[in-house]
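Taking it in order: structure first as C-alpha cells, then the write-up.
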C-alpha cells in the first residue's frame, strides 16, 4: 500500500490534471496544430516590403480558413503546389490564391481558401505529405499547380519504382503525438509553446531585414557557379514523368474520395528560350547527380523549357482522358522580371495574372458547389 501522503499527492496531481484539461477545453481551446507567424522584411522587386506569414507544421497557409469548421454558405478551396504557391515573398492577399479569392468575392462568391506549397518537392511527395490535412479540411475544390519540381527535383540517376510511389499514397495512421493532442489540451499547449519557439528561431534567422533577399541572392550566385548541363535524357525507367502521372491519379482519387472538384494547372516558369529573356540572374534551378552523392549541375533554359512542356503535355493528356479541367498557366504569363522573382516565385503582378487566368474555370466550379451546398 502507498503511504497516505503519497496517495493524497497522486490524487491531487490527477485532480489538477483533470482541472487543467477542463479549463483548456472550456476556456482556452488551443488548436491541435497552432500556427507559426513569421514577418519578413525585404525589398524584392514587385513585392511588398513587409510580409507576414502564418503557417502550420507542414507549411500550409489557411488564409480565410480559420479552423476545420466550415463557415455556412461558403465553398472551400485548397491549393497545392510548389514555391510559387508557398509564396514566402507575399502576404496572403497578394498570392495567386489570395487574389483569386478576392476576385471570386467581387463576383459575390464566398470562399474559404487554404494552400500548401513546397520547394524542390515532386508532386507525389507533396501530395503524400498533404493528404491528411486535405482530407480533414474536405475542400470543395482542389487546385493542383505543379510540374516544375517534378522536372528538376529528381536526380540524374532517378529510377522509377511504381510500388514505392504507390506506397506514398497509402493511408498513414496518426502519430502518437497527434493522437494525444486530439484528446489533451495540455499536449496542445505544449505544441503551442514549441510552435512559438520554432517561429522565434525562424524569425531570428530569416526574419531579419533583408535576410530572405540575401538568401535568395546567395542561392542564385551558387547556382551560377555550377557546371552547365544540357541534353540530359530521361529514358524509360529513369523518367520521373511516370511518377508525376501516378501523382495526378492519386490527386484525382483523393478528390473523388472527398467529393471535391479537381482543377489541374501547369506551373508557370520564368526559364524560356524566347527572345528578350535575360533574367538568368534570377534562376535558382539545379539538378542533382544523385540523391546519395549530391553533385548538382545548372540546367539550361532550353532543357527546362522542354521538360516543363513535357510535363504539361502529360498533365493535359491526363485531364482530357479523365474529363478534368486543365489550365497551362505557363502560356498565360509574361516571362520577365516584372512577373517573376525567381524561376517560379511570382511577383504580386505575376500572381494577379495567374488569378485572372484561373478565374474563368474556378468561378463556375464555386457556383456549382454553392448550389449543391458544398461538401
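Could you check segment 1-54 and list, in sequence order, the residues that are more than 25 Å from residue 188 (Cα to Cα) and either touching a strand residue (DSSP E or B) at 6+ places or on another chain (Cβ under 8 Å) or at pLDDT 85 or above (or both)? Those that are more than 25 Å from residue 188 (Cα to Cα) and either touching a strand residue (DSSP E or B) at 6+ places or on another chain (Cβ under 8 Å) or at pLDDT 85 or above (or both): 40, 41, 42, 43, 44, 45, 46, 47, 48, 49, 50, 51. Applying the condition of being in contact with a strand residue (DSSP E or B) (Cβ under 6 Å, 6 or more places away or on another chain) and farther than 25 Å from residue 322 by Cβ to segment 220-262 and asking which residue is surrounded by the fewest Cβ atoms within 10 Å (Cβ to Cβ) yields 227. Quick check, is residue 109 in contact (Cβ under 8 Å) with a residue 12 or more places away in the chain, buried (at least 16 other Cβ atoms within 10 Å of the Cβ) and not in a loop (DSSP other than H, G, I, E, B)? The answer is no for residue 109.
Checking the condition under 26 Å from residue 85 (Cα atoms), out of contact with any helix residue (DSSP H, G or I) (no Cβ under 9 Å at 6 or more places or on another chain) and surrounded by 12 or more Cβ atoms within 10 Å (Cβ to Cβ), which residue from 169, 148, 212, 156 passes?
Result: 156 is the single residue among 169, 148, 212, 156 that is under 26 Å from residue 85 (Cα atoms), out of contact with any helix residue (DSSP H, G or I) (no Cβ under 9 Å at 6 or more places or on another chain) and surrounded by 12 or more Cβ atoms within 10 Å (Cβ to Cβ).
Of all residues being part of a loop (DSSP other than H, G, I, E, B) and free of Cβ contacts under 8 Å to residues at least 24 places away in the same chain in segment 305-337, which is nearest to residue 268 (Cα to Cα)? Just the residue, please. Full working, then the answer.
Start the filter on segment 305-337 by keeping residues that are part of a loop (DSSP other than H, G, I, E, B), which leaves 323-324, 332-337.
From what is left, the residues that are free of Cβ contacts under 8 Å to residues at least 24 places away in the same chain are 323, 334.
Details: 323: 22, 334: 9 Å.
Top of the filtered list is 334.
Selection of segment 270-304 for residues being within 24 Å of residue 354 (Cβ to Cβ), part of a loop (DSSP other than H, G, I, E, B) and at pLDDT 70 or above yields 270, 271, 272, 283, 284, 285.
Take residue 138 and decide whether it is surrounded by fewer than 18 Cβ atoms within 10 Å (Cβ to Cβ), under 17 Å from residue 263 (Cα atoms) and in contact (Cβ under 8 Å) with a residue 60 or more places away in the chain.
So residue 138 passes the test.
Considering 362, 353, the condition of being without any contact (Cβ under 8 Å) to a residue 40 or more places away in the chain and surrounded by 16 or more Cβ atoms within 10 Å (Cβ to Cβ) is satisfied by 353 alone. Go through segment 338-351 residue by residue and tally those that are touching a strand residue (DSSP E or B) at 6+ places or on another chain (Cβ under 9 Å) and assigned to a helix (DSSP H, G or I). The qualifying residues number 1. Of the residues making up segment 240-263, not a single one is closer than 23 Å to residue 85 by Cβ and at pLDDT below 90. The single condition among (1) modelled with pLDDT under 95; (2) within 12 Å of the chain's Cα centre (by Cα); (3) surrounded by fewer than 22 Cβ atoms within 10 Å (Cβ to Cβ) that residue 125 does not meet is (1). Specify which of the listed residues (350, 315) is closer than 14 Å to residue 151 by Cα and at pLDDT 90 or above. Step by step, each of 350, 315 is checked, and only 315 is closer than 14 Å to residue 151 by Cα and at pLDDT 90 or above. When restricted to residues that are under 23 Å from residue 171 (Cβ atoms) and assigned to a loop (DSSP other than H, G, I, E, B), segment 215-264 contains 2.
Filtering segment 315-334 to residues that are buried (at least 16 other Cβ atoms within 10 Å of the Cβ) and under 16 Å from residue 261 (Cβ atoms) leaves 318, 319, 324, 325, 326, 327.
So is residue 337 closer than 20 Å to residue 223 by Cα and surrounded by fewer than 18 Cβ atoms within 10 Å (Cβ to Cβ) or not? Here the answer is no, as residue 337 does not meet what is asked.
The values are calculated or read from the model by the stated rules, or taken from the named source; none is laboratory data. The model shown is predicted, which means the values in this text are computed figures rather than measured ones. Every residue, glycine among them, receives a Cβ derived from its backbone with ideal geometry; neighbour counts consider all protein chains shown.
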